[in-house]
Amino acid sequence: MKKQEYIQKMELKLINRQIDRRQFMRGVLATGLTVSAATTLADRAHAATPQRGGTLRAGLGHGATTDTLDPGLFAAGFMIPVGIAMNGYLTTMDPNSEVKPSMAESWEASSDAKTWAFKMRQGIEFHNGKTVTAEDVITSINHHRGEDNTSAAAPLVAGVKDITADGELIIFELDAGNADFPAVLTDYHIPVQPMVDGKMDWESGVGCGPYRLDNLELGVTARLKRFENHWNDEEGFVDEWELLALLDTNARMTAVLTGDVDLADKVDVKTAGRLTGAPGLTVHNIAGNQHYTFAMNTKMSPYDDNNVRQALKYAINREELVEKILFGYGAVGNDHPIGSGQRYFNTELEQKTFDPDKAKFYLKEAGLTSLDVELSASDAAFSGAIDAGLLVQNSATQAGINVNVVREPNDGYWSDVWMKKQWVASYWGGRPVEDLMFTLAFKSGVSWNESFWSNERFDGLLAEARAELDEEKRRAMYWEMQDLVANDGGVAIPMFASYVFATRDGVGTPEVIGSNLDVDGASFMNRWWKTS
């Protein structure tokens, strides 16, 4: 083994706590490395090694008094990380978007992907000391099943016909093959919680994750403390986390600059450059599948006419939005939610551009010479949403479309405005698997279909692609689905936004930060640590 390879291997062992500092120093000094160089490497490894103890505070641009502990109704970036920290899941998505074991240590599928058997780890404890049983697992999944179920995860498990236990195995029988079923169980809405009186007990706030909920004031703050009996010693390093709902962008940025919080999400990209130079502060820029949307209610006039929807999409200057709203922290979108780094991204779909003449053409097809519409927006939707609406207003006038931007309040935006008003600003963290994103937000009738769009061809393709094991056939189906969403769907998706968040010195983060959701896939409490 070459000298450099050996040193790198020793450094990795030190980071992973397979050797101590003395063993590391002895090993690398034997290669002829100087004491000074070896000490620098050891210090670097120490900084990258998760350490236990301490308290960290996070300022988050989310949270509402209408939030709930019901995981099926988790929405936005306050309750999602709370849920991930306090709960356990059968499977997990790693930072590289690969499904990994968690409470289920392994799984197998039938050749047609209709039967899945998950082998459970034994001896996992809930925060109240109760041992997790197969009945807890089955009841937790069933919380999202059944007719008229309001859980956002209901469409993800709608294909589950039956769940049974056989010793250490939890067996799922599906009504059709699903090659991505282990990824379904990573969804943050589907944790394992205790069964009480035959139902999943979400009201008590008892989970089996690395942190137990100590205090929660909905829309204001949450405090979580490390659960000493958690089964996985590779999660949960900080003794106590405190989350603060700081919806006002200026207040959130001030808090992280002054050290009132140790990290802040949703950094205002207009000031990200200045923050980067602030002492003791690191700004993280993580590209992922997050996208900003303007969703139209396709059940209501004028958005029930696809010609109107197409006119509005062509009336948006996407490049201007990326430049003036994202300040380069993102990329142009094409009215579908699949990111360019995903395995079935349609590379041949024509990219929409700002085209007032084409917008006028579609208005004429709808029998209109002009159009008056209202666009509801708030910084709760995404930072800069009001300004984005004003830019849409400005560009749309060139197509004979008058957009009145309605500034909505931050508090209650997701309960009183989103999916209530006819045209609204919104955002999605995206999903690493195409089927999850399409199933959650575009399948007919699902609770988070924010445009209420329904397309029979799309629904059919979605079911077929989920069961198809041939990669090329699946690819063709997902490509057509992207085309349908882009050119018939009710959501304008003009831009993909990077995740931009800030941490202060003293916050330790892994080398690879996840991009499935904001702030390390919303798993920062599980994966980060205090360094000093």
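At what distance in nm do the modelled label points of K130 and D43 sit from each other, each positioned 7 Å from its Cα along Cα→Cβ?
5.1
I'd like the distance between the alpha-carbon centres of the stretch 287-314 and the stretch 162-179, rounded to an integer number of Å.
38
For S111 paired with I171, estimate the spin-label separation in nm (one decimal), with each label point 7 Å from Cα along the Cα-to-Cβ line.
1.8
What FRET efficiency comes out for T276 versus D162 if R0 is 45 angstrom and r is the Cβ-Cβ distance? Round to the nearest 0.05.
Efficiency computed from Cβ-Cβ geometry: 0.25.
Relative to the Cα centre, what is the charge dipole magnitude of the stretch 416-490, using +1 at the beta carbon of each Lys and Arg, -1 at the beta carbon of each Asp and Glu, and rounding to the nearest 20 debye? Numbers along the way, then the final one.
On the way: 9 positive and 14 negative charges, 67 e Å.
Charge dipole, the stretch 416-490, about its Cα centre: 320 debye, nearest 20.
If you compute Rg and Dmax of the Cα atoms in Å for the structure shown, which of [x] 22.4, 68; [y] 24.2, 81; [z] 24.4, 74 do you land on?
Of the listed options [x] 22.4, 68; [y] 24.2, 81; [z] 24.4, 74, [y] comes from this structure.
Given contacts defined as C-alpha pairs under 8 Å and at least six residues apart, what's the relative contact order of the chain, whole-number percent? Walk me through the numbers before you get to the answer.
Working: 1131 pairs, mean separation 109.5, N = 532.
Reported as a whole number, the value is 21 percent.
Looking at this model, which pairs from K270/K421; K161/K199; K352/K443; K100/K161 are more than 26 angstrom apart at the alpha-carbon? Numbers along the way, then the final one.
On the way: K270/K421 28 Å; K161/K199 18 Å; K352/K443 23 Å; K100/K161 24 Å.
The answer is K270/K421.
What's the longest piece of the chain with no exposed GluC sites (Glu not before Pro), counting a site as exposed if DSSP puts it in a loop and it has at most 12 other beta carbons within 10 Å? Write out the running numbers ahead of the final one.
Working: sites that count: E98, E147, E203, E228, E234, E348, E350, E511.
Longest site-free region, per DSSP loop and neighbour criteria: 351-510.
For the chain, what does -39500 (n - 2.57) per DSSP helix run (n ≥ 4), summed and divided by total residues, give at 222 nm, in deg cm²/dmol to the nearest 500? It would help to have the intermediate numbers written out before the result.
Working: 17 runs with 158 residues, N = 532.
So the calculated ellipticity at 222 nm is -8500 deg cm²/dmol.
Using only alpha-carbon positions, what ratio does the radius of gyration of the stretch 353-407 give when scaled by 2.2 N^0.38 Å? Show your work: numbers first, answer last.
Values: Rg = 12.2 Å, N = 55, 2.2 N^0.38 = 10.1 Å.
Normalised Cα radius of gyration, the stretch 353-407: 1.21.
When the chain is fully extended, how far beyond the present Cα-Cα distance does T34 get from D488, taking 0.36 nm per residue of separation?
Fully extending the segment from T34 to D488 adds 157.0 nm.
Values quoted throughout were computed directly from the atomic coordinates according to the rules given, and no laboratory measurement underlies them. Just so we're clear, the structure is a prediction, and the values are computed from it rather than from any experiment. Cβ: placed from backbone, ideal geometry, glycine included. Neighbour counts: every protein chain shown.
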